[in-house]
Amino acid sequence: MIIVMKRFLVVPFFILATLCLARGGENVRFAGDSGSKKIDVYFGDSYFTSYLYPDSMEKQVLYPIVTASGKEITRGFPVRPRPFERADHPHQVGLWFNFGDVNGLDFWNNSYAIKQENKHRYGSIRFKEIVETDPGTGKLVVASEWVDNNGEVLLEEISSYVFNEEDGVRSILRSVVLTAKKKVTFTENKEGMFGLRVGRAFEEPTDTPSNLLDSEGKRTETRSIHNEGVNGVYRNGDGLTGGEVWGTRSPWVALRAELDGEAITVVVMDHPGNPNYPGWSHARGYGLFGVNNLGGSTMDKNATAPAIVLGTGEEIAFKYNVVIGGELTDPEIVKMAEVFNQE
């Protein structure tokens, strides 16, 4: 199924930004560091996350992401490796948005690990500027460009992040507007779209040996099994759990684990205004957690193959919500999702 997105079918960015205002925290502090190319986000004096935009990365990310009690939910590798983490998928850092097939280019898997002779097959998202930081609403707005390996711009991106904390529950609402600078086709692909790579505790235990960092956080060639502290369990809004969640479609997916004796639940919510809502769940036992609105038959063989074609100047919008709390029940998550769905 080919979907041609016209301007009048897309929610304009200024409306998305206005809708986000109600979600902002009243005590957000942004601390910019142009030298390190990052913006740190705090609730008062309590650190939450950083928006990273270094030239050495092929996209911009939020990393690390920290709970209200100060525990990191994101994997350390490859930015700050920790002992017994998986040393795989170096493109999976923090929280990000991109896709595996845009005009035949793979934006999802690009990283420092790709050999130079293969770089022409990949796309990058290049940072342009910080458009706005508003502590009063907890909003950060940034501009970037999706480019091929020669620097030709395919898409212009405006992303709005709204950070919030209430009663120990933190959230990130991300709204994305992509504008085509030439004809652009998004072809169904397993690799996408809104992704989060979580830390070791949130993985599912496994008896399959894998390449893990050693006790000092260094690479090792020895494949091993190490399940100490690994206790993550996925569940979705349709009652599926564990490995059953991957490739299914649900308005929300939750991942629950205990980290240092504390129960933590991470929820990713899809929005009804997104294409192909609800999206396919990219919920992997090794710690990848996300929503793919263009997964289609690459994730479910019975699904109709989706594709999006944008003409020059045409736009498409996406919106997601990430919630980080304690022992969140299904009814509590459903209530949060209902509020998000109205935004």
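What's the total number of residues in the stretch 180-190 that are assigned to a strand (DSSP E or B) and surrounded by fewer than 19 Cβ atoms within 10 Å (Cβ to Cβ)?
Residues of the stretch 180-190 assigned to a strand (DSSP E or B): 180, 184-187.
Still in the list and also surrounded by fewer than 19 Cβ atoms within 10 Å (Cβ to Cβ): 185.
Total satisfying the criteria: 1.
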inquiry  = With the requirement that a residue be outside any strand (DSSP E or B) and either within 26 Å of Asp40 (Cβ to Cβ) or more than 19 Å from the chain's Cα centre (by Cα) (or both), what does the stretch 123-159 give you?
reply    = Pro135, Gly136, Thr137, Gly138, Asp148, Asn149, Asn150, Gly151, Glu152
inquiry  = Being in a loop (DSSP other than H, G, I, E, B), touching a residue at least 60 places away in the same chain (Cβ under 8 Å), within 27 Å of Asp88 (Cα to Cα) and open to solvent by 20 Å² or more (accessible area, probe 1.4 Å) is the requirement here; does Gly285 meet it?
reply    = yes
key: First in the stretch 58-79 and closer than 14 Å to Phe194 by Cβ, second anywhere and in a loop (DSSP other than H, G, I, E, B), Cβ under 6 Å, 6 or more apart   = Gln60/Tyr53; Val61/Val93; Val61/Gly94; Leu62/Gly94; Ile65/Ile73
inquiry  = Please go through (1) modelled with pLDDT under 95; (2) in a loop (DSSP other than H, G, I, E, B); (3) open to solvent by 30 Å² or more (accessible area, probe 1.4 Å); (4) in contact with an Asp or Glu (Cβ under 9 Å, 6 or more places away or on another chain) for Leu19 and return the number of the only condition it doesn't satisfy.
reply    = (2)
remark   = Checked the stretch 89-136 for anything of a type in the set (D, E, K, R) and either touching a Phe, Trp or Tyr at 6+ places or on another chain (Cβ under 6 Å) or within 16 Å of Val147 (Cβ to Cβ) (or both); matches are Asp101, Asp106, Lys119, Arg121, Arg126, Lys128, Glu129
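Here is a list: Leu9, Leu105. Which entry is surrounded by fewer than 22 Cβ atoms within 10 Å (Cβ to Cβ) and modelled with pLDDT under 95? Please lay out each step first, then the result.
Working: Leu105 fails: modelled with pLDDT under 95.
Selected residue: Leu9, the only one of Leu9, Leu105 that is surrounded by fewer than 22 Cβ atoms within 10 Å (Cβ to Cβ) and modelled with pLDDT under 95.
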task = Looking only at the stretch 192-208, decide whether some residue is closer than 30 Å to Glu156 by Cβ, touching a residue at least 40 places away in the same chain (Cβ under 8 Å) and assigned to a loop (DSSP other than H, G, I, E, B).
result = no
key: Filtered residue count, the stretch 294-306, keeping only those that are touching a strand residue (DSSP E or B) at 6+ places or on another chain (Cβ under 6 Å) and open to solvent by less than 10 Å² (accessible area, probe 1.4 Å)   = 2
request  = Identify, by number, the condition in (1) in contact with a Ser or Thr (Cβ under 9 Å, 6 or more places away or on another chain); (2) in a loop (DSSP other than H, G, I, E, B) that Pro272 doesn't meet.
outcome  = (1)
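Looking at Val198, Val153, can you tell me which residue is more than 22 Å from Pro90 (Cβ to Cβ) and at pLDDT 95 or above? Please lay out each step first, then the result.
Values: Val198 fails: more than 22 Å from Pro90 (Cβ to Cβ).
Among Val198, Val153, only Val153 is more than 22 Å from Pro90 (Cβ to Cβ) and at pLDDT 95 or above.
The values are calculated or read from the model by the stated rules, or taken from the named source; none is laboratory data. The model shown is predicted, which means the values in this text are computed figures rather than measured ones. Cβ atoms come from the backbone with ideal geometry, glycine included; neighbour counts cover every protein chain shown. Accessible surface is based on the protein model in full, side chains and every heavy atom, while ligands, DNA and RNA are left aside. Shrake-Rupley method; radii C 1.70, N 1.55, O 1.52, S 1.80 Å.
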